[in-house]
Each structure stands twice: as C-alpha cells, then as structure tokens.
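Values quoted throughout were computed directly from the atomic coordinates according to the rules given, and no laboratory measurement underlies them. What you are looking at is a predicted structure, and each value in this text was computed from that prediction instead of being measured. All Cβ positions, glycine included, derive from the backbone under ideal geometry; neighbour counts span all protein chains shown.
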Amino acid sequence: MLHTLFIENFVLIDRLEVDFHPRMTVFTGETGAGKSIIIGALSLALGQRADSQSIGPFGEQTEIIAEFNIEHNQAARRWLQDQDLADGDVLIIRRTINQQGRSKQWVNGRPTPSGLVKELSQHLVQIHGQHDQIKLLNSHNQRQILDQSGDHALLLKQVQEAVKQIQHIEQEMAQLTAAGSLSAEQLQLLQYQYDELEQLALSEGEYEAQHQALTTAAHAQDLQQVMDASIHTLSQAEQSVSAQLGQVLQRLQHAKGQDFSAIGQMLDEALINVQEAEQQLLVQLEQIDNDPAHLQDIEQRLEQITHIARKQGVMPELLHDHHQTLGQTLQQHHDLAHNQDQLQQQLEQALTDYRQMALKLSTQRTHAGQQLSQQITAMVHDLGLPEARFSVAVEHRPDEPAKTHGNDHIEFMIAANKGQKAQPLSKTASGGELSRISLAIEVSTQQQNQYQVFVFDEVDTGIGGATAEKVGQIMQQLSQHNQVFAVTHLPQVAGCAHDHLLVSKSSHGQHTTSAVAHLDQPQRIEELARMSGGQKITEATLAQAKEFLQTGS
C-alpha cells in the first residue's frame, strides 16, 4: 500500500506530506483546487514523463517521495529482488526534476532509470481516469484483461515459448541460406569439375614430381653414362678412390715415430662416405628408365594435367588443392541441404504444436470470457445499466502467423439496452458507461493474492443517485483486499470512504497554493453537505450528508 507521499514544489503544492489509510480514501474539493495534481505527483514518482513545467514557483526543483509497504505484494517483492533493489517490506521511490527538465530517480536509495521504475509501478499502482478508459477500447488491452481474469497463464507461457522456438528455427534457416546455398547451375558446374578431377586422380605433389621425372627421362642416356663412370671411379677401377684411400690408411697405420690416429679417423670416415655415395648412385642408376615409351607416358600425363588446369582456370601446381576445395564445397552444400530439410521438418512440427496450443488457449479464453461476461454484466446492472449485456467475443484466426499471444482477436461487446444487438465497446459505449464498465472490470479481475493500489480519477463523472452510491460501495468492496483512492465530486462515493482528504486552494502573497487536510467526522458531514447542496448548507443537506456517511460506515 501507499503509506506516505511527500511533495515539494510541484505545480500549486509548496510542501506536502500526507499519510494514507490502507483501504479507501477519497479526495474532494472545489474544481481547480488541485485534487488531480496529487495524482499527477504520484504518477511522476512512478516513472511517468516529466518536464520543467511540473516545477512550482517555490524552489529550484521538484521533489516527490512515495513510500510503500509491500509486505503483501509478492509481485513487487519478486521484481525488487530480481533487480537487487529489495529492502524488506519498505519501498521508497524518490524523484527530482530541475529547471532544465532533467530528472533523477531512486528506488530504496539507489539510482534507477525511470523506465525501470515504470516497470515496477505496474506491480504497485493502477491509475484510472478518462485516458485509461480510452485504453479500455484497445483490443490489445482487452486481451490482457481477459488473460488476467482467466486461469490459463501457464498455457499462455507455453504458447510464447512455442513462438520463440519457431522464430529460432526460422532464424537458423535464414542463416544457413545466407551461409552459401548454391543454385542448380552452380551445383552442376562444381559437380562436373569435381568428377573430372576425381577421374584425373592427381595426387599431392604429383605435378612437380612429374616435371622432375620429365627432366630425368629426357637426359636418361647421359645420366646413365655419368653414373656408370662415377661408380667405376669410386670403386671398380684398379686405382679407384676406395682403393687409394685404403692404401693411404694402411701406410699411416704402420708408420712409426708419429701418431696419425686422428688423420686415420678422418680417412675412415671419408672411405665410408665414398662407399655410401657409390650405393646411392647404384640406386639412382636402377631408377633411370631409358625407354622412350616412359618419356612419352610422362609427357602425356603432364599434358593431361595442364589441359584440365587450363580448363578449370587453375594453375597446374594448385590443381590438387582445388580438387580438395571443390569436394569440401559440395559436401557443405550436401550438409546444408540436409540440415535445411531437418530444420523444415522441425519447423513444421513446431508450427503444428503451436497451432494446437493456440487453439487450446482460444478455448480457455472463450470459457474465461463467458465467466467474465456474467460477472461484469451483473455488476453493471448494479451500476445503473439494468438492461446492459456485456460479452467477450473471442475469434480464433488459425491462418494468421504465429504470435506470442496466440491467434485470437478479442473484442469487448456491449448491448446497452434490451433488444439491442451487441456491438463493440469502442463503437457504442458513452463516457459514463465506460466509467462504470471500467470499475466493474477492475473489481471482477482483481487478484486476491496481490495487494495493489487503485486510483480512480473522476471516473464517476456523469452518474448520480443510487448508481453513484453503488459505485462507492463497489470501490469500498475493492478496498477489502487493495488500497483504493478516488478523486470524486459525488457525496455518495465520498461517503463510502474510510478516510476523507479535502484539497483546498488559497493565495499567499504572489502565489496560490494547494493544501490537503484529513477530515474528522463532523468535517466530513459538512463537506458531504457542500458536495450535495452547494455552498449554502441547510439542515436538509446536513441530514442527507449524515445518511451518505452512514452508508459508507
């Protein structure tokens, strides 16, 4: 509940601090006294847009502090905990606005953006005025009212999750498409090139190896002669290198008077290297093919490689890598097509699941609408519309795209008089009817487990008599589980309140100020008499005022 409201330098208010009753409070006073200014100050504290015009003439800035007791408001407590702003059962919201229109806001002493405060306010206060009645005509708001009254919050959440799943799958499909799907022509060309390279079967490094083989084959005869002569010189000739190295080693080993062991080791190693060189020459000699047909085979293979490389626009030495790249691209396309097929199946299943849940939600909304229609119809009968019939039309539209709130179009309908056909509320209801329907909806849809603050800013305009008395009684009924504030000109409504605040206006020097005073019982009777009979108070108006007050006791 709203425990205390502090206002400083706001429009006509110099400085005001007022404590509130936990149940029903009314604000009354002459027109222009500033009753709605207090509601405006509360709205600013709750994050509504502000500007420098809000600042009064009594200081440099406006300051508003609203203190709430949220012991029984579980929704507000959870929100504060989620935002790490909780401070037990007490909630203090403070706001300042300077001459430049700049605003600062705090929640429990911590700086907080106005947008977050506005989000918090949805769990704290509902303010209803002529503007809010206009909002009642909006189909979106009508759907929210119906969903709040129904017992399908879990199903609505499942529908929302189903839509998120659909959107996630569609996003993945779009990303896959953007990642590089191929046209039929592109795919056909790449597949042809890949098949051509598969048939070529070019191994890694083969082109370079074949070039080297061509050089070797072209000089095969000369190479054989050179290798034969070299092998002969190294080991086969009478004075071969190996034989001469052996003779030198033998002489040094038998020489006396000098140590030639180090030199002998060097010669040993030289002899081993000569023998190894001979073996390598023998191996390479065996590999040389002097057959002209072999040279022709190499030339044909190189020509084949070069032809395909030129055909596919690739350097011959890069053809093997190009082959691998084509294979990867085709595999990716295959995987992409496979994944797209899988995603398409997932999407179809997700859409089927969504449609089933949306249809079930529509059925439950229809049932909730019937119950809500009965409750509101009964209440508007008590509010001076005895022939009115309120109804909720739920039209399921399965062919529309999936939406987080389902595929229902909700329309509040009213037949104000007997025999009339029900028409949309937005087309037929008058301002006075909307005021009463709005009040009936609030009472019918209130949540018993969430103690909230309801503010009715002159929503009883255009009614009187027994209807006005019933409006006051219904507001009083609403205050059994909530805190209710009403700005009113009707004594029947004011008489139902548990606390009565009189807003007055007076001039002091160059400034006009508004003040608020709690009225005791005699003062309340006098104010109710003024409201019902004007400035001239008679015994009759006083007697009537006492009746109004007794009605609200």
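Some points to look at:
- Which of LEU347, LEU245, LEU330, positive extreme of dipole for the chain (C-beta unit charges): LEU347
- Ordered by the count of other Cβ atoms within 10 Å of each Cβ, fewest first, MET413, MET173, MET475 give MET173, MET413, MET475.
- For a label point 7 Å along the Cα-to-beta-carbon line of GLU170, residues of region 393-416 with backbone N under 12 Å: 400-404
- Annotation: lysines with alpha-carbon distance below 18 angstrom to LYS470 (same-chain offsets under eight excluded): LYS546.
- Protection proxy ranking, highest mean first, for peptides 43-52, 504-513, 186-195, 22-31: 22-31, 43-52, 186-195, 504-513, where packing is the per-residue count of other beta-carbon atoms within 10 Å, averaged.
- For volume of the Cα convex hull per residue in Å³, the candidate list reads [x] 308; [y] 288; [z] 215; the entry that matches the value derived from this model is [x].
- Partners of LYS403 within straight-line reach, counting lysines whose Cα lies under 17 Å from its Cα and excluding those fewer than 8 residues away in the same chain: LYS157, LYS164, LYS360.
- Under 5 Å from the amide H of PHE456 lie the amide H atoms of HIS128, PHE485, ALA486, VAL487, each residue being 5 or more positions distant or on a separate chain, with H modelled from the backbone and absent for Pro and chain starts.
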